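Asks: Mind looking over this structure? Questions follow.
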Amino acid sequence: MSAIRHIAVNVFRESVRDKVPYNLVLFALMLMGVSYLLGQLSAGQEIKIIKDLGLAAMSLFGSFIAVFIGIGLVSKEVERRSIYALLAKPISRRQLVMGKYLGLVLTLLVNIAVMTVAFYTVLGVMAWMDGSWFRPHWGASALDPALLKAIAMIGLQLMIVTAVALLFSTFSSPMLAAGLTFGLYIIGHFNADLKNFEAVVDSRPIAYLARAMYYLLPNLAPLDVKAQVVHGVHVPAGLLLFNTAYALVYIAALLVVATFIFARRDFK
Amino acid sequence: MTRNARALAFAMTLACLAIAATGLQMARDRAYAPGPTDNQLLYVSSGRMIEKIALSYDAILADAYWIRALQHYGREHLKTEGVKTYDLLYPLLDLTTTLDPQFVIAYRFGAPFLAESRPNGAGRSDLAIALLKKGIGRTPDKWDYYHDIGFIYYWHLHDYRQAAEWFKRGGDRPGAPWWLKTYAAVMLARGGDRQASRFMWQQLTQSESAWLRETSHRRLTQLDALDQIDELQRVSEGFTARAGRNARSWNELVTAGLLRGVPLDPTGTPYLLDAATGDVGLGRGSSLSPLPTEPAAAPEMAASAPPPVLR
Amino acid sequence: MLAIETDSLSKSFAVGFWRPRSYRALEGLTLAVEQGETFGFLGPNGAGKTTTLKLLMQLIYPTSGRAEVLGRPVGDVGVKRRIGYLPESPYFYDYLTAEELLSYFASLFGYAAADRRRRVSALLDEVGIAAERRLPLRKFSKGMLQRVGIAQAILNDPDVVFLDEPMSGLDPLGRREVRNLILRLRDRGCTVFFSSHVLADAEALCSRVAILAQGKLVATGRMSEIHAFQVRGWDLVVGGLSPDTLHKHAGRITKVARVAENQYALELPLNPTPDLLLTDLMTEGAYLISLNPLRETLEDYFVAQVQKQRPR
């Protein structure tokens, strides 16, 4: 198990030194700054805009980070063959996959933490300049801790995306893996529509197929509670628990498949 | 573990996880309504913007938005508390038709949802007409759109001149059915006319939209009820004329030999006789309620008293 | 217990997308390497040497046959503790320093922190990159990377070391250093299994060799036993030789190539031994620059093998 830990720490160390995540985080921070300016322009809706933009930036840039690091850390390694020396060490291929994934998750969490701090800072500055922490038409206070719920769900989404990226990396080239991951990410957001196909489609087999796909493809839309949180609508703890359980189970499934593929493949 | 044993273990683990994930989703969906809050249904509220974003997937996105329009209607319709506003119906239909201007169903099935009076529809005839006009803009030769606009003017807005105008223009389109021009003539000649209404609703019972078919049948039943009410009104007035006072109940009329029994509307609910005014109306709790406000006769032709305006 | 043992080891790859054909990269390799041997695995490019090494490291899986290292099937995690591997043209992690990389790999063996530091320092000294220990690996030259590669291969004092083309890309100085390192490993009792397409490397180091061509084992044994590598002539380079002297002894010389003013490279037949001619030339004023035995090159040998095997 300590092998997994060491691999994870190394993954984290590598990604911290890689320029790409830095740029992305910087971008996200800049966006938050810009949102502050935008807020000034839109009479009365400043806080909402900052919240919307901030959460969206975290989600979007987080996904980019998840995909690029995720792909980089297996697919690129296989392509460049730096993985050969690693595989000769006394670790199993399974430990390698797990270690890589945990390292990626660690990187993600740190990035999200940084962005969260920036986010609350901007909100705090905004509210301070506005002179009040809460106005009725905002729906929720400026430093609403419920925002953390949305961020936590974003974190879960990103963990799923990372696992998907890792899975595709175990058997395809970096380019293809990136494309497939983004594809699944987009499908994941429209997944909810699949469930309602039955209402609109006449043929039963297609309806069943749509239902099956709804359950098997990653369903990212319910994990999106940004709108509710920004409008001050209560997000029940039960929903969060279900989402977390679903995410963990789904991630486990992805990792099981990734490990299986990785353990059997030839490294040409 | 041998290779085969390992493969089996993998397959079983995966199956268990898949079942667990599916089960969790089912449980979650059951406990908490799936789908984001309505504001999110739009993502982008401008049609032009989304055209750009959609790249070459306009048609699929149009389908997605159409499905959401239906869902939105359905959810609003089944709401048990709060006012049913159907707020997002027009924006969603607008998005659908911007993405896929040929999406005939979106126009023809969407407009009736918009025009239909509350609580079964949005009650926004103006938006319905705007939507249909957009359709005409893209496909000027589709007589159906003209017919639909004419119908809205006739039934919901009681504007016979406009209705006639649109029916006529529709009738001029290639492939239009013969009765469109007849509608136009009837509009101009007689204005609001139950026969004309009945004919138009009859046509709509052939619609491809199940919702429209049901609505048409319902409307026809309501027109039947109106006929019956007119008839009963005559009976009641006859009694009043002879007896010098209003009948107090149906039984009086039955005893007087004017009726065979307590009159029932087509759904089996007894009609209501108002002893104070002698007016006949729908029984309380009848599913036909509220009866439609019929288009009145055209002002120029209102030589006789207008037919009674019923609830 | 044998250090390395294979039995009819074979590997086929599917080549082509629509109608994949099978490409036999390795066919029926049967080898036995004793502990403590320095074993050369020779063959031209594309012979299947790297494939064999990857099979032994379980980077790829065999199509048939089996292989064992130190008595256990390849890929056994316990065995991996006692072996080291240098991949061909190694590439590591851009953002780590040499020190960090070695420390990371050391941690995978389970060494405690203090032990790790000690080993890493010693290794960096041994392979001669102590000065660059804090430099990120992306700044390393090919030669330096090769040294890092060797360092990580012997990190755990292995009993068996697998080196894939250890001399490739190195300048003469580098090659000499690697050669010396292999000799040191041999002195420590380590079994060294290395692949190369350069004959001279094998000559200097190996107790036994195996020769691979087009996926098949064509010869194995001591260098001296393998017929093809027997000396067939001599290459004598002398200076201070006047054309007249040259003409006088022309009968004893197979081929002449002029290198510079009065300097010639002479190809002599195997017998009589060249010292006789050399003495004669020296009495007439010439001086010796170099004398080397002439063998068939590996490439010549393989070409002959291929022609022998045609048509297939």
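The values are calculated or read from the model by the stated rules, or taken from the named source; none is laboratory data. Just so it is clear, the model here is predicted, and its values are computed rather than measured. Please note: Cβ atoms are built from the backbone with ideal geometry, for glycine as well, and neighbour counts cover all protein chains shown. These accessible areas exclude ligands, DNA and RNA; they are computed on the full protein's heavy atoms, side chains included. Shrake-Rupley method; radii C 1.70, N 1.55, O 1.52, S 1.80 Å.
Asks: Whenever you get a sec, compute what percent of the accessible area on the range C:1-66 sits on carbon and sulfur atoms (1.4 Å probe). Intermediate values should be presented prior to the final figure.
Replies: Numbers: 1560 of 3030 Å².
The nonpolar share, carbon plus sulfur, comes to 52 percent.
Asks: Which residues belonging to the range A:238-268 lose at least 30 Å² of 1.4 Å-probe accessible area when the assembly is complete, relative to their chain isolated?
Replies: SASA drop of 30 Å² or more in the range A:238-268: A:L239, A:F242, A:Y246, A:V249, A:A253, A:V256, A:V257, A:F260, A:R264, A:D266, A:F267, A:K268.
Asks: With every protein chain present, what accessible area does A:V122 have (1.4 Å probe, heavy atoms only), rounded to the nearest 10 Å²?
Replies: Result for A:V122: roughly 30 Å² accessible.
Asks: Let me ask you something else. Give me the one-decimal nm value for the distance between modelled label points at B:L264 and B:A189, 7 Å along each residue's Cα-to-Cβ direction.
Replies: 3.8
Asks: Evaluate the charge dipole of the protein assembly as shown about its Cα centre and quote only its size in Debye, nearest 20, assuming +1 on the Cβ of each Lys and Arg and -1 on the Cβ of each Asp and Glu. Can you show the working numbers first?
Replies: On the way: 96 positive and 80 negative charges, 236 e Å.
Dipole of the protein assembly as shown, to the nearest 20 debye: 1140 debye.
Asks: Sticking with this structure for a sec: Please state the relative contact order of the range B:234-282 as a whole percent: Cα pairs under 8 Å, 6+ residues apart? Numbers along the way, then the final one.
Replies: Working: 60 pairs, mean separation 16.2, N = 49.
For the range B:234-282, the relative contact order is 33 percent.
Asks: For B:W211, what accessible area in Å² do you get when you roll a 1.4 Å probe over the heavy atoms of the protein chains, rounding to the nearest 10?
Replies: 50
Asks: Any aspartates and glutamates with Cα under 14 Å of the C:K49 Cα? List them, leaving off those in the same chain fewer than 8 positions away.
Replies: C:E27, C:E88, C:D164, C:E165
Asks: Which trypsin sites (Lys or Arg not before Pro) from the range C:47-85 combine a DSSP loop assignment with at most 16 other Cβ atoms within 10 Å?
Replies: On the way: sites: C:K49, C:K54, C:R66, C:K80, C:R81, C:R82; in loops: C:R81, C:R82.
Those that pass, being in a loop and sparsely packed, are C:R81, C:R82.
Asks: I've got another one for you. Quick check on the range C:53-156: what are the equivalent-ellipsoid semi-axes from the Cα gyration tensor, as sqrt(5λ), descending, whole Å?
Replies: Values: eigenvalues 145, 55, 21 Å².
Ellipsoid semi-axes (Å, largest first): 27, 17, 10.
Asks: Right, here's the next one. Under a cut-off of 12 Å between alpha-carbon atoms, report the aspartates and glutamates in cross-link reach of A:K100, not counting same-chain residues fewer than 8 places apart.
Replies: A:E14, A:E77
Asks: Name the residues of the range A:75-98, by number, that are at least 20 Å² less accessible with every protein chain in place than in the isolated chain; the surface is that of heavy atoms, probe 1.4 Å, without ligands or nucleic acids.
Replies: Checking the loss per residue gives A:R80, A:R81, A:S82, A:Y84, A:A85, A:L86, A:L87, A:A88, A:K89, A:P90, A:I91, A:R93.
Asks: Rounded to the nearest 20 debye, what is the charge dipole size of the range C:1-113 about its Cα centre when +1 sits on each Lys and Arg Cβ and -1 on each Asp and Glu Cβ? Spell out each step's value before the answer.
Replies: Details: 11 positive and 11 negative charges, 106 e Å.
Magnitude of the dipole: close to 520 debye.
Asks: Also, quick follow-up: Cross-link list C:K54/C:K80; A:K76/A:K268; B:K134/B:K181; A:K89/C:K11; A:K89/C:K142; A:K149/B:K79: which exceed 18 angstrom alpha carbon to alpha carbon? Mind dumping the intermediate values first?
Replies: Working: C:K54/C:K80 14 Å; A:K76/A:K268 14 Å; B:K134/B:K181 23 Å; A:K89/C:K11 23 Å; A:K89/C:K142 22 Å; A:K149/B:K79 28 Å.
Beyond 18 Å between Cα atoms: B:K134/B:K181; A:K89/C:K11; A:K89/C:K142; A:K149/B:K79.
Asks: Just by accessible area at a 1.4 angstrom probe, what is the order of C:C206, B:C16 from largest to smallest? Don't jump to the answer; show the numbers that get you there.
Replies: Working: C:C206 20, B:C16 85 Å².
Most to least solvent-accessible, the answer reads B:C16, C:C206.
Asks: Okay, next question. For every helix of n ≥ 4 consecutive DSSP H residues, a contribution of -39,500 (n - 2.57) applies; sum these over chain A, divide by its total residues, and give [θ] at 222 nm rounded to the nearest 500 deg cm²/dmol. Write down the numbers at each step before the final one.
Replies: On the way: 12 runs with 208 residues, N = 268.
Counting only the DSSP helices, I get -26000 deg cm²/dmol.
Asks: On to the next question. Helix A:46-71 versus the longest principal axis of chain A: what angle, 0 to 90°, nearest 10, using Cα atoms?
Replies: Compared with the principal axis, the helix lies near 10 degrees.
Asks: Distance in nm between label sites at C:V256 and A:I186, each 7 Å beyond Cα in the beta-carbon direction?
Replies: Result for the modelled spin labels: 7.7 nm.
Asks: Right, here's the next one. Using a probe radius of 1.4 Å on protein heavy atoms only, what is the accessible area buried between chains A and C, both sides summed, to the nearest 100 Å²? Let's see the in-between values first.
Replies: Details: alone 13820 and 16090 Å², together 27040 Å².
Buried area between the two chains comes out at roughly 2900 Å².
Asks: Chain pair A, B: how much accessible area is buried, both chains summed, with a 1.4 Å probe, in Å² to 100? Write out the running numbers ahead of the final one.
Replies: On the way: alone 13820 and 17580 Å², together 28650 Å².
That pair hides around 2700 Å² of surface in total.
Asks: With r defined as the distance between the Cβ atoms of A:L217 and C:E34 and R0 fixed at 60 Å, what FRET efficiency is calculated, to the nearest 0.05? Walk me through the numbers before you get to the answer.
Replies: Numbers: r = 56 Å, r/R0 = 0.93.
So the FRET efficiency works out to roughly 0.60.
Asks: A:R13: accessible area at probe 1.4 Å, nearest 10 Å²?
Replies: Spelled out: A:R13, probe radius 1.4 Å, area about 70 Å².
Asks: Using the heavy atoms of the protein chains alone and a 1.4 angstrom probe, what is the accessible area of the range C:29-166 per residue in square angstrom? Let's see the in-between values first.
Replies: Values: 4760 Å² over 138 residues.
Dividing the accessible area of the range C:29-166 by its residue count gives 34 Å².
Asks: What does the accessible area per residue of the range B:179-275 come to in Å², with a 1.4 Å probe and no ligands, DNA or RNA counted?
Replies: Each residue of the range B:179-275 exposes 51 Å² on average to a 1.4 Å probe.
Asks: Under a crude label model (7 Å from the Cα following the beta-carbon direction), how far is C:K142 from C:L276 in nanometres?
Replies: 4.6
Asks: State in Å² the accessible area per residue of chain A; use a 1.4 Å probe, count heavy atoms of protein chains only, and round to the nearest integer.
Replies: Numbers: 11030 Å² over 268 residues.
Heavy-atom accessible area per residue stands at 41 Å².
Asks: Continuing with this model, one more query. Please check: in the Gaussian network model of chain A (C-alpha springs, under 10 Å), which one of A:L53, A:L241, A:L167 has the largest mean-square fluctuation.
Replies: With Cα springs under 10 Å in chain A, the top fluctuation among A:L53, A:L241, A:L167 is at A:L241.
Asks: Sticking with this one: At q = 0.07, 0.09 Å⁻¹, what base-10 log of I(q)/I(0) does the Debye formula yield for chain C when every alpha carbon is treated as an equal point scatterer in vacuo?
Replies: At q = 0.07, 0.09 Å⁻¹ the computed log10 ratios are -0.37, -0.59.
Asks: Give me the Å³ per residue figure for the convex hull around the C-alpha atoms of the range B:59-183. Please list the in-between numbers first.
Replies: Values: hull volume 11.4 nm³, N = 125.
Here the figure is 91 Å³ per residue.
Asks: Counting each DSSP H run of 4 or more residues in chain C as -39500 (n - 2.57), what helix-only mean residue ellipticity at 222 nm follows after dividing by all residues, to the nearest 500 deg cm²/dmol?
Replies: Values: 10 runs with 101 residues, N = 312.
Helix contribution divided over all residues of chain C: -9500 deg cm²/dmol.
Asks: Can you list the residues of the range C:51-82 whose accessible area drops by at least 20 Å² going from the chain on its own to the full set of protein chains, with a 1.4 Å probe?
Replies: C:K54, C:M57, C:L59, C:I60, C:Y61, C:V77, C:K80
Asks: Would you mind telling me the share, in percent, of accessible area of chain A contributed by carbon and sulfur at probe 1.4 angstrom? Working shown, then result.
Replies: Numbers: 8120 of 11030 Å².
C and S atoms contribute 74 percent here.
Asks: Compute the FRET efficiency between B:H217 and B:V254 as 1/(1 + (r/R0)^6), taking r as their Cβ-Cβ distance and R0 = 41 Å, and round to the nearest 0.05. Walk me through the numbers on the way to the answer.
Replies: Working: r = 31 Å, r/R0 = 0.75.
After rounding, the FRET efficiency stands at 0.85.
Asks: On to the next question. Rounded to the nearest 0.05, what FRET efficiency do B:A9 and B:E208 have when you use their Cβ-Cβ distance and R0 = 56 Å? List each step's numbers first, then the result.
Replies: Working: r = 53 Å, r/R0 = 0.95.
It comes to 0.60.
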